[in-house]
Structure formats: C-alpha cells, structure tokens
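Visitor: Input: one structure, supplied below.
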Amino acid sequence: MLSANELKMARVIGSICVCIGVVLNPILAEPLLASDGEIESNAVRSILSVLSLLGVASGLILLFTRSVFIVHTAVNVSLLIVAVASTLAVAEITIRVLPGIGLPTPLPLFMPNATGTGSHRVRPDLAETRRVEGKLYTVRTNSNGMHWREVPRQPSDGRTRVAVLGDSFVFGLWADSFATSLVGVLETALDDPSVEILNFGVGGYSFADMRLYLEEEVLAFRPDYILVCAFNGNDYRDTFLGLDKWRIEGGRLVVDSALFVQRIPAELRPDPEATLVWGFFLPQLQIFQLLREVIDIRRETGRSFASSFVPSRSFYEHSFWSRQPVPEITRRAVDMSLVEIARMYETTVATGAVFALASLPYREQVYATNPVGSDYDTGLPQRFLEEFARERGIPHFDLLPIFREAARSRERLYMQRDIHFNNAGHFVAGEALAGFLRDSVFPKTHVPSPSVSAARVSDF
C-alpha cells in the first residue's frame, strides 16, 4: 500500500506531467516553437502529439494508480524528466534574458526602397547597440543610410572618390565601429588625403541589388572608382532569388520561404523530415547554440582552425557554391550574376569612372584543410568572377589566399556564432584591399570592351 505522503507526491507529479503534456499539444506549442506561429512539418506535429499523449498518460497513471511498483517507477522516471527539463528550461530562459550570452537578435536596419523598383535600403540616422559574444557593438548610419560618417552627395574638395559596394561584410557588421570595418581599415591603410572612401555596403544585397543601388543612389555621389566586393558565400544565391527575396518585418530582413520553395528544386532544399531534430528543434534553442560553440572552441584550440571541407547539397549553404561538378542551377545563378555585374560595369564606365571587383571568402574556404577535393573546389566561386574580369580587363582581387595565410596565425578571423568577420577579419580584408587599389587600380583608366552584356559561365 502507498502511504499518504507517497500518494500526495504521486498526485503532484502526475499533475505536473499532465500540464506538460497539455502544453506540448501542437496547437499550444506552435506559438512557442515556430517563429511564424505555425509548424509546417507533419513529423514535428506527430512527435509533439506523441510527447503530449505520453505526458498526459503518465500523469493520469500517477493520479489514479495505487500499485506501489508502478507508482514508484513512474515517480522516479518523472522526477528525472522534470529535473532535466527544468534545468534546461532555466538555462534557456537565463540565456535569452541576460544580454550578450545568446545569439544576437537581428538589427532593425532596413526599410523598403522608396523608389518602388524593388530591393531595400538601410534606414538613415540609426544608432543600434547589441552585445554580441561578450562585446558591445553600436551600429550607426548617417543621413544617407550609410554605415559611415556624414558625407555630402556632391564632392566639394576635389578629392578622388572611391565607392565600395557589397553586402553586410562591406557594411561592416560586428566591427567595433565603421572605422574598424573593412571599409574603414581600407581608408586608413591607404593613408592618402587626396582619396575619399565611401561605404555603400547593405546587408542582404545581391548583385542585382547593388546594380539598382548604383543606378539610383551611388552615382549621385560622383565616384571616380567603383569597387564591388562580392561575398563568395551567398551573392550568387541571392541574385538568383531576385529582388523580392526578402520581406521586411520590424526593420529586419525575413526570407520569403514561399518564394524559396517556388524557385529552388526540392532536392536542393533542406529536407524538413530528415533534419527534424537537428534542423528544427535544436537550432531554435540558445543553449544548443552555446554548447555547439563550446565544442567548436575545443576543436579549435589546436594549432589552427583548419577543418575538413564538406560541400553542401543545399542551395542555401555557402559551401554549395564550391561543388564539383558544377550543378546546373549554379550555372544559371552565376550567369544571372555576371549579367548584373556587366550592367554595373557598363554604367560605371559610361560615367568615366573605373570599375573593379574583389572576392571575399566565406569561413569554410579559409579553414579548409584541403582546398580541392574530388567533389569540390574552394576556389570555384571567385574563379567565375576572375574569368569574367580577365576577359574584360577589369581589375579583380581574390582575398582567399590572403585569408588562408592570415589564418595560420591561430587568430580567429570570423565571429564565433555568426558568418561575418570579426575585427581581425575586417582588418585583414581592409589592408589587402588597400594594397589592391594602390597596385592594380590607381591611377588606371579603363576603356570598356565590347559585348560585356554577353556574360556566361565558362566550362569549369
């Protein structure tokens, strides 16, 4: 027979189990687990339903069973489950509440393009602060929506103007300030008072976005040189997805998942059923992100950060663009990108300015133990641009060798929980680009070659 205290404990634990089971019901769990309030995967719904039934069933057993063995076993198992769940819940809440511990929340930087032609712009006169990986970062924009000091549209002091275009890497995300960003370091390293650098980097930009920005905004600043910095990890992808790939919610960019499904073949999208745990549940937990970071740090405490390169089969991943043989969708995305770059080139030289290209590497390229394998080539993404530029006499600079050499120093060049450069990475890129401008671009003049719009991928 169960004592009165044992019966009371069984009822308390049984009540808790029933409550947990009710909360895990998919209808109630959706607002907690899915960012848009709706769980799309049937497998996720099924697992939540099973867990909900188990919780309710075990709770009802504890509430109404009088068998000593069953109650004692259920109590012990339930206490263990409740203890583990409570510990994880407290840890998760703590990480989310305390600043600077969990993943950084996206900055509300963006607004729709007021011209109505598509794309987006950075909001002007912003000052947004985030604590990321233990450091405080403040992102400020000027009245023109640039992560830069205040500059007039019309040059008034006779200095040579260099406009740098790109995505969030050029924007300078997670640099301490715009002075320590890639473009700020570039200006400092040039150390030339006759040259003025302008930062036109915008997060989430593709080559199509850059081309539109160049035509509608950048040329109004009368630049003498246009330097387009391409990020090897996603600029082809974003160009393929078009100018309408993002929705803006609360100043933040949100992927249009319906468009992604519409334009990307199913076999090149992550399988929600196959990646149920790793792709859905765990990535949403801050504690999982921290544990993964600890594992990464332990792996990286050796002589270098080098790791095996594994080309992804997902169109969305950076390493996809290094796959060999080149997938057909890659060729299409690169073709579209080269057409947009050709249009930027034509527009630039039509104003009498000089056009130049640079390729920024993604993390896996830099730390790949073997740069080339049977099914990948880490140099492939930038080689598309190199071939395009060489055929037209456009100065092009590949920063991957510079970064691979810098990575040997054991100094981290990227953020731990983010794809972007840290201060060290911004410094390496800025110094290298300054040398590129001095040695290969200044004071070159450039005569456009014919048929630049006929940009196609060569047989790589």
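The values are calculated or read from the model by the stated rules, or taken from the named source; none is laboratory data. No experiment lies behind these values; they were computed from the predicted model shown. Here the Cβ positions follow ideal geometry from the backbone for every residue, glycine too, while neighbour counts run over all protein chains shown.
Visitor: Return yes when Phe388 is over 24 Å from the mean Cα position of the chain (by Cα), in a helix (DSSP H, G or I), hydrophobic (A, V, I, L, M, F, W, C) and crowded, with 23+ Cβ neighbours inside 10 Å and no when it is not.
Guide: Yes: the conditions hold for Phe388.
Visitor: Please pick out the residue among Ser194, Ser206 that is hydroxyl-bearing (Ser, Thr, Tyr) and under 21 Å from the mean Cα position of the chain (by Cα).
Guide: Ser206
Visitor: Still on this structure, please answer the following. Consider Leu357 against the criteria (1) touching a strand residue (DSSP E or B) at 6+ places or on another chain (Cβ under 7 Å); (2) in a helix (DSSP H, G or I): it satisfies all of them except one. Which criterion is unmet?
Guide: (2)
Visitor: Taking Gly352, is it within 25 Å of Phe442 (Cβ to Cβ), small (Gly, Ala, Ser) and at pLDDT 95 or above?
Guide: yes
Visitor: Next question, about the same structure. Of everything in the stretch 406-432 that's of a type in the set (Asp, Glu) and modelled with pLDDT under 95, which residue is farthest from the chain's Cα centre (by Cα)?
Guide: If we take residues in the stretch 406-432 being of a type in the set (Asp, Glu) and modelled with pLDDT under 95, then Glu411 is farthest from the chain's Cα centre (by Cα).
Visitor: Next question. Would you check which residues across the stretch 378-402 are in contact with a helix residue (DSSP H, G or I) (Cβ under 6 Å, 6 or more places away or on another chain) and either basic (Lys, Arg) or over 28 Å from Ala353 (Cβ atoms) (or both) and list them?
Guide: Thr378, Leu380
Visitor: I need a count of the residues in the stretch 148-163 that are of a type in the set (S, T, N, Q) and in contact (Cβ under 8 Å) with a residue 24 or more places away in the chain.
Guide: 2
Visitor: Right, next: So for the stretch 175-182 (the condition being closer than 21 Å to Phe427 by Cα and without any contact (Cβ under 8 Å) to a residue 24 or more places away in the chain), does at least one residue qualify?
Guide: yes
Visitor: Let me ask you something else. Just one of the numbered conditions (1) outside any helix (DSSP H, G or I); (2) modelled with pLDDT under 60; (3) not polar (S, T, N, Q) is not true of Arg131; which one?
Guide: So the condition that Arg131 fails would be (2).
Visitor: Having 1 or more residues that are in contact with an Asp or Glu (Cβ under 9 Å, 6 or more places away or on another chain) and under 28 Å from Leu400 (Cα atoms) is the bar; report the strands (runs of 3 or more DSSP E) wholly within the stretch 137-249 that clear it.
Guide: In the stretch 137-249, 160-166, 195-201, 225-231 are the strands (runs of 3 or more DSSP E) which contain 1 or more residues that are in contact with an Asp or Glu (Cβ under 9 Å, 6 or more places away or on another chain) and under 28 Å from Leu400 (Cα atoms).
Visitor: Would you mind finding the one in Gly145, Gly134, Gly166 that is within 21 Å of Val428 (Cα to Cα) and either surrounded by fewer than 17 Cβ atoms within 10 Å (Cβ to Cβ) or touching a residue at least 24 places away in the same chain (Cβ under 8 Å) (or both)?
Guide: Gly166
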